[in-house]
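The values are calculated or read from the model by the stated rules, or taken from the named source; none is laboratory data. A quick note: this is a predicted structure, and the numbers were derived from the prediction, not measured. Cβ placement follows ideal geometry from the backbone for every residue including glycine, while neighbour counts extend to all protein chains displayed. Areas reflect the complete protein model, heavy atoms only, side chains present, ligands, DNA and RNA absent. Shrake-Rupley method; radii C 1.70, N 1.55, O 1.52, S 1.80 Å.
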Amino acid sequence: MSRAEPVERTSQMTSGADIVVQSLVNHGVDTIFAYPGGASIPLHQALTRYRDKIRVILPRHEQGCGFGAQGYARSTGKIGVCMATSGPGATNLVTTITDAKLDGIPILAITGQVGTAVIGKDAFQETPIVEVCRSVTKHHYLVTDVNDLARVLREAFHVATTGRKGPVLIDLPKDVQLSQTVPDYDVAMDLPGYRVDHLRAWPEQIAQVAAAIGRAKQPVIYAGGGVIASEAGDELTQLAHKLRIPVTTTMTGLGAFPGDDELSLDMLGMHGSVYANYAVSEADLLLALGVRFDDRVTGKVEEFARRGKIVHIDIDASEINKIKAAHIPVISDIKYALSQLLRVAKPAEDLGQWHRKIAAWKKEDPLGYDHDSPNILAQHAIHTLWEITKDRDPIISTGVGQHQMWTAQFYKFRRPRRWLSSCGLATMGFGLPSAIGAKAAHPDRLVVDIDGDGSLLMNLQEMATSYCEKLPVKVMLLNNMHLGMVVQWEDRFNAGNRAHTYLGPIDDPEAVGEGDGIGPEHRYPDFVAIAKGFHWQGRRVWDKNELEEAVREMVDSPGSFLLDVQVPYQEHVLPMIPAGMTVRDLIRE
Ligand SMILES: Cc1ncc(C[n+]2csc(CCOP(=O)(O)OP(=O)(O)O)c2C)c(N)n1
Ligand SMILES: [Mg+2]
């Protein structure tokens with residue numbers, strides 16, 4: 001990989017910890033999210049010697065480290081770096097590493113480990129973290145010899161940031177951090193089984209795809225996170241415009257194509273738009289770009305896009321034909337493939353009828369909600385935030401649940417890397433720490449976490465990080481006092497039987513679904529008081545007429561701000577294709 005700075009040469013004996021930090025500097029790392037402990041003290045001590053080059057952010061939980069690094073990585077395209085001590089520190093990172101693996105986010109996780117002499121002996125705070133993480137990392141190392149360190153760091157950066165990106169773990173025993181050697185930062189890598197230099201479509205494949213496009217009468221582009229990972233948003237937009245092909249994106253792909261473009265079909269899948277799901281179902285050509293045919297997208301796989309010829313372009317060979325057989329499989333970097341297609345592909349002759357069909361679907365079944373509701377609906381709050389902030393190019397993160405799906409539906413992302421959400425793993429608690437990580441990378445940008453009450457509670461301690469590290473973010477909390485998405489499934493598939501989805505006291509009738517709505521007096525916890533305890537500003541809003549002004553106050557405030565928006569829990573995310581079903585089973589109300 002290219003290096004940001006000339007490599008510092010040294011003939012000096014250098015400690016393992018210093019080799020790690022100098023390697024981070026050599027690879028252009030300027031920020032790291034790290035929580036210390038006994039087994040990582042040498043690393044932290046070394047970091048203090050590089051204060052002018054690397055900012056160390058101290059989250060208040062190791063999930064804050066991992067998701068902070070992800071927010072940094074997702075919003076910049078650069079690698080995110082996080083660090084924790086051995087044992088509980090390391091295991092607290094596991095969810096964030098798994099999360100990065102599923103969404104293909106480049107992360108370097110460094111963990112302290114007990115000394116090599118006691119490994120395998122159930123030493124104090126010992127966890128075999130490489131074993132724990134074996135199947136949730138792209139690659140992993142337990143380094144037992146300080147002489148391997150410079151090479152391992154080079155390899156780790158290379159593996160995390162090339163091909164299909166992902167998390168790499170380096171586990172570092174304390175004695176290796178302390179022992180010394182003369183490092184060679186230019187040492188050759190030793191990765192015989194890892195080949196990423198030929199991931200480019202052949203001219204014949206491009207010609208084949210172009211020919212299929214020329215013949216298509218009802219083509220659709222289905223674009224995913226791979227488009228964003230390869231920085232191919234511009235090429236995708238140009239290609240769609242040139243060829244007049246409508247574009248639907250996956251949840252990870254939001255922002256790869258402008259959500260308010262007339263060719264946008266919005267998101268597809270379980271909670272995608274009716275018109276996106278119809279279009280894919282009727283397509284005679286599906287251009288699947290950087291996607292993995294996730295079950296939340298396909299529903300019943302045999303029925304998905306069954307009328308269409310499938311072109312599948314992906315950098316990861318293991319994705320091709322994994323779920324759905326491709327008629328034209330292309331293993332390639334998406335940016336390269338799209339730029340080649342842009343040169344040769346010509347629009348099909350007459351797509352007018354197809355566009356008219358789609359326009360009719362859009363008119364008949366727009367993404368909508370009840371504008372006349374006396375309550376503030378979550379959808380309305382998100383739409384209001386979009387109206388107020390769309391020209392400020394903000395970065396938006398979310399938790400997981402209904403509020404996340406509504407954000408995907410109603411916030412129209414125009415550019416890549418503005419949407420930060422845990423898509424594959426769907427980890428509650430992602431929103432606040434990832435927003436903080438994005439703010440660290442973009443101090444001048446507006447960063448808003450649109451969160452749910454359940455999700456926010458999972459990493460609420462990060463409010464302290466935001467305040468103390470001077471990384472002011474906004475939280476627009478869509479507070480329904482429920483685990484809303486699970487409530488929705490209870491309503492739809494379990495006759496509304498409430499099973500531990502109410503977030504207030506258990507003696508409240510709402511806990512068993514027998515309440516008659518949640519009034520102001522029942523609200524728990526008091527998020528505004530909590531925010532103030534962390535020295536945030538906070539405001540609660542009930543009244544629909546106050547919403548717009550309250551959102552403006554939030555986004556215009558200079559510091560961290562929590563806006564507690566009281567929303568009903570009775571709303572369902574629609575449309576919905578139930579798991580494993582087809583577009584014919586689509587629920588509209
Ligand atoms: C860590 C974790 N635990 C459990 C779940 C299962 N789950 C998915 S959505 C959801 C409810 C989320 O509630 P909230 O954050 O309040 O969002 P809402 O749906 O109410 O908008 C739950 C429990 C999950 N995705 N992640
Ligand atoms: Mg909720």
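Side notes on the structure shown:
- Kirkwood hydrodynamic radius computed over segment 264-420 comes to 17.8 Å, based on all pairs of distinct alpha carbons.
- Volume of the convex hull of segment 303-374 (Cα atoms only), normalised per residue: 198 Å³.
- Cysteines in the chain lacking a second Cys C-beta under 4.7 Å: Cys133, Cys423, Cys468
- Nearest-20 debye value, the chain charge dipole, Cβ charges on Lys, Arg, Asp, Glu: 1740
- Based on C-alpha pairs under 8 angstrom that are at least 6 apart in sequence, segment 399-492 has a relative contact order of 33 percent.
- Calculated on the alpha-carbon coordinates, the convex hull of segment 515-554 measures out at 66 cubic angstrom per residue.
- Solvent-accessible area of Met267 with every protein chain in place, 1.4 Å probe, in Å² to the nearest 10: 10
- Asp507/Gln125 FRET efficiency (R0 30 Å; Cβ-Cβ; nearest 0.05): 0.15
- Charge dipole (the chain, unit charges on Cβ, about Cα centre) - positive-most of Gly253, His61, Leu503: Gly253
- Here each label is just a point 7 Å from Cα along the line to Cβ, and for Glu364 and Ala317 those points are 4.4 nm apart.
- Rule-of-thumb Rg ratio for the chain [Cα; 2.2 N^0.38 Å; N residues]: 0.99
- Evaluating kT/(6 pi eta Rh) at 10 °C and 1.306 mPa s, with the Kirkwood radius of segment 217-342 over Cα pairs in the Stokes-Einstein relation, gives 114 µm² s⁻¹.
- Across segment 418-530, the fraction of Cα-Cα pairs farther apart than 23 Å, rounded to a whole number, is 38%.
- Gained length - His522 relative to Lys53, 0.36 nm times residue gap less alpha-carbon distance: 163.9 nm
- Debye log10 I(q)/I(0) at q = 0.09, 0.13 Å⁻¹ for segment 1-151, Cα point scatterers: -0.26, -0.57
- Approximate spin-label separation Leu191-Leu178, in nm, with each point projected 7 Å along Cα-to-Cβ: 3.2
- nm² value of the averaged projected area, convex hull over the Cα atoms of segment 459-589: 10.2
- Simple spin-label estimate for Lys300 and Arg215 in nanometres, 7 Å along Cα-Cβ: 2.8
- Average projection, convex hull of the Cα set of segment 67-143: 4.8 square nanometres.
- Carbon/sulfur fraction of accessible area - segment 272-375, other protein chains in place, 1.4 Å, %: 47
- Spatially proximal aspartates and glutamates relative to Lys309 (Cα-Cα < 15 Å; intrachain offsets below 8 disregarded): Glu282, Asp284
- Straight-distance candidates among the aspartates and glutamates for linking to Lys53, with alpha-carbon spacing under 14 Å and chain neighbours fewer than 8 residues away dropped: Glu5, Glu8, Asp18, Asp30.
- Cross-link table Lys324/Lys346; Lys300/Lys322; Lys121/Lys174; Lys217/Lys363, entries beyond 24 Å C-alpha to C-alpha: Lys324/Lys346
- Cα Rg, Dmax, segment 119-236, angstrom units: 21.1, 66
- Helices in the chain, meaning DSSP H runs of at least 4 residues, each add -39500 (n - 2.57). Divided by all residues, the mean residue ellipticity at 222 nm is -10500 deg cm²/dmol.
- Surrounding net charge for Ile388, when Lys and Arg each add one and Asp and Glu each subtract one, Cβ distance under 11 Å: -3
- Computed log₁₀ I(q)/I(0) - Debye formula, equal Cα scatterers, no solvent, segment 342-407, q 0.13, 0.21, 0.25 Å⁻¹: -0.66, -0.96, -1.09
- Contour minus Cα-Cα distance for Asp145 and Lys242 (0.36 nm per residue): 29.4 nm
- Loop trypsin sites (Lys or Arg not before Pro), segment 114-188, which have at most 15 other Cβ atoms in a 10 Å radius of their Cβ (DSSP): Lys121
- Where GluC sites (Glu not before Pro) fall in DSSP loop in segment 490-559, at most 13 other Cβ within 10 Å: Glu514
- Ordered from largest to smallest accessible area (heavy atoms of protein chains, 1.4 Å probe), the residues Ile506, Ile206 come out as Ile506, Ile206.
- The trypsin sites (Lys or Arg not before Pro) of segment 47-93 meeting both criteria, a DSSP state outside H, G, I, E and B (loop) and at most 10 other C-beta atoms within 10 angstrom of the site's C-beta, are Arg51.
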